[in-house]
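Asks: The structure follows.
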Amino acid sequence: MLVEFRVKNFRSFKDEQVLSLVATKDNSLENNKISTSRKDIPSLLRCAAIYGANASGKSNLLKAMACMRSIFGVVTSPEPQRSNILDAFKPFLLDLKSHDSPITFEITFILNDVRYQYSFSWAKERIVSEYLLAYKTARPQKWFERRFNEETNEDEYTFSSFLNGDKQSWKKQTRNDALFLWIGTQYNSQQLIPIFNWIFQKFNIALSDSLVDIRTHFTHMSYFQYTLKRCKEDQVFRRKILNFMISCDTGITDIYINLNGQLFFVHRTHPFPVSEESAGTVQLFSFAGIIQEVLDKGLIFIVDELDCHLHPLLVRKLVKRFHDPEENRNNAQMIFVTHDVSLLKADLFRRDQIWFVEKDPQTQESTLYPLSDFKQEDDDMRYLEKDYLLGCYGAIPFLSD
């Protein structure tokens with residue numbers, strides 16, 4: 001499960017910003033959070049919704065997550081693919097100091113009842129710092145730390161006895177632009193392999209707002225193609241998708257795939273090709289497959305504009321699937337960007353699940369903050385939608401008229 005994500009000096013985020021899925025002491029909507037088995041590990045949230053004006057930086061937060069995990073793929077590739085890392089380097093450009101400073105990512109997560117905290121800073125052509133902490137108890141174990149010394153032009157490493165293996169050999173094999181975590185994984189470190197795999201495979205990130213080009217960095221195919229592929233391969237999976245489509249009042253009675261692999265939605269007894277369906281129906285089918293996979297495997301779904309082409313009640317239905325402990329037995333999580341203010345309801349979200357992104361009009365810096373930062377009034381959740389549109393929490397466009 002994801003605990004928190006931190007980013008600094010990436011695109012519109014100049015200063016460090018934190019997205020936390022740690023539940024506050026709020027006692028409302030207990031099903032919306034996941035209780036952990038250890039007392040030193042807090043309860044975590046199943047979903048987080050991110051609001052803000054257009055161009056405020058909401059998508060940049062998701063791009064930061066995608067960039068962090070894509071670096072795992074880039075730095076593990078041979079030349080010339082490795083040169084692509086330069087294209088991904090996007091620091092805050094409206095400040096001279098930030099322009100020449102590294103980008104920093106940090107992720108904290110729970111794996112097998114152990115909390116891990118992993119961070120690295122990246123200065124375009126090299127990694128300038130990297131460390132990994134493990135909390136097997138309340139006190140952290142620093143498994144390794146790496147820092148670039150500008151005076152000696154060399155990386156300096158600190159290792160602890162908690163990390164097993166030939167660390168000195170791994171150190172020698174770590175390129176300037178490679179992650180030590182990756183090298184240890186390549187040398188079959190049984191401690192580092194699950195950590196690397198969690199970061200590289202756990203996230204499912206949808207960034208594109210295109211209907212059929214919503215890509216996941218994990219499968220490298222569109223969600224539509226992925227759902228279609230799974231429906232071809234697995235009749236049980238196809239039945240789950242069909243039942244979901246039926247429950248959404250689409251008028252679909254069956255899903256048919258011909259010998260050429262073409263998809264048809266059956267209405268009553270007549271099959272219609274996808275080209276005859278609405279954008280919303282195709283979008284719903286695309287999301288249905290990946291969300292089913294996320295729920296089945298306990299993954300993390302991170303999506304931009306979840307409400308694109310979908311009715312608010314359908315978006316609400318998707319969110320409630322994650323909040324349902326029976327349907328979400330494997331503790332999957334969803335983080336999504338939306339403009340749908342109709343979701344701002346006390347019966348759907350806790351205050352700590354609602355986040356805002358606001359951009360300073362002078363400096364053009366983006367700031368991320370939760371609704372729980374604001375003082376709670378007895379009835380403020382009743383009027384949350386109206387109060388947000390009135391600007392009580394910021395993160396709205398200020399129009400010239």
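The values are calculated or read from the model by the stated rules, or taken from the named source; none is laboratory data. Please read these numbers as outputs of a predicted model, since none were measured by experiment. Positions of Cβ are generated from backbone atoms using ideal geometry, with glycine treated the same way; all protein chains shown enter the neighbour counts. The protein model used for the area step is the full one, side chains on, heavy atoms only, and it has no ligands, DNA or RNA in it. Shrake-Rupley method; radii C 1.70, N 1.55, O 1.52, S 1.80 Å.
Asks: Nearest 5 percent is fine: what portion of the DSSP beta bridges confined to the stretch 244-401 is antiparallel?
Replies: Beta bridges within the stretch 244-401, antiparallel portion: roughly 75 percent.
Asks: Just the number, please: percent antiparallel of the DSSP beta bridges in the chain, rounded to the nearest 5.
Replies: Percentage antiparallel, nearest 5: 80.
Asks: Given a 10 angstrom Cα cut-off, can you work out which residue in VAL341, VAL294, VAL319 is the most mobile in a GNM of the chain?
Replies: Among VAL341, VAL294, VAL319, the largest GNM mean-square fluctuation belongs to VAL341.
Asks: Here's another thing I want to ask about it. Solvent-accessible area of GLU154, probe 1.4 Å, all protein chains present, reported in Å² to the nearest ten, please.
Replies: Here the accessible area works out near 110 Å².
Asks: When the accessible area of the chain is split by element with a 1.4 Å probe, what percent falls to carbon and sulfur?
Replies: Details: 9090 of 18880 Å².
Of the solvent-accessible surface of the chain, carbon and sulfur hold 48 percent.
Asks: Find, among the GluC sites (Glu not before Pro) in the stretch 304-380, those assigned to loop by DSSP (not H, G, I, E, B) with at most 14 other beta-carbon atoms within 10 angstrom. Write down the numbers at each step before the final one.
Replies: Values: sites: GLU305, GLU326, GLU327, GLU358, GLU365, GLU377; in loops: GLU305, GLU326, GLU327, GLU365, GLU377.
Loop-located and lightly packed - GLU326, GLU327, GLU377.
Asks: Continuing with the same structure: At q = 0.15, 0.24 Å⁻¹, what log₁₀ I(q)/I(0) does the stretch 303-385 have when each alpha carbon counts as one equal point scatterer in the Debye sum?
Replies: -0.66, -1.30
Asks: Now a separate question. Charges on Cβ only, +1 for Lys and Arg, -1 for Asp and Glu, centred on the Cα centroid of the chain; of LEU21, PHE265, SER189, which one is farthest towards the dipole's positive end?
Replies: SER189
Asks: Which net charge results for the neighbourhood of ILE34, defined as the other residues with beta-carbon distances under 12 angstrom from its beta-carbon, given Lys and Arg at +1 and Asp and Glu at -1?
Replies: Within the 12 Å Cβ shell, the charges total +2.
Asks: For the chain, with every protein chain kept in place, what is the accessible area per residue (1.4 Å probe, Å²)?
Replies: About 47 Å² of surface per residue is accessible.
Asks: Over 10 Å intervals from 0, what percent of Cα-Cα pairs in the chain sits in each interval?
Replies: Here the calculated profile for the chain is 4, 21, 29, 26, 15, 4, 0, 0.
Asks: Compute the relative contact order of the stretch 95-180 as a whole-number percentage, counting only Cα pairs closer than 8 Å that sit 6 or more residues apart in sequence.
Replies: Details: 140 pairs, mean separation 16.4, N = 86.
Relative CO of the stretch 95-180 lands at 19 percent.
Asks: Ok, one more. Could you give the radius of gyration (one decimal) and Dmax (whole number) of the Cα atoms in the stretch 78-174, in Å?
Replies: Calculated on Cα positions, Rg and Dmax stand at 15.7, 44 Å.
Asks: Given a Förster radius of 35 Å and the C-beta distance between LYS297 and PHE398 as r, what FRET efficiency does 1/(1 + (r/R0)^6) yield to the nearest 0.05? It would help to have the intermediate numbers written out before the result.
Replies: Numbers: r = 42 Å, r/R0 = 1.21.
Once rounded, the FRET efficiency stands at 0.25.
Asks: Can you work out the Karplus-derived ³J(HN,Hα) for every residue in the stretch 17-25? Use 6.51 cos²θ - 1.76 cosθ + 1.60 with θ = phi - 60°, whole Hz, and x for glycine or proline.
Replies: Calculated HN-Hα couplings, in order: 10, 10, 9, 10, 9, 7, 6, 7, 7 Hz.
Asks: Then there's this: Spin-label point model (7 Å from Cα, Cβ direction): what's the ILE193 to TYR256 distance in nm?
Replies: If labels sit at ILE193 and TYR256, their model points lie 4.7 nm apart.
Asks: For a label point 7 angstrom out from the Cα of GLU326 toward its Cβ, which stretches of the stretch 1-37 have the backbone nitrogen within less than 15 Å?
Replies: 31
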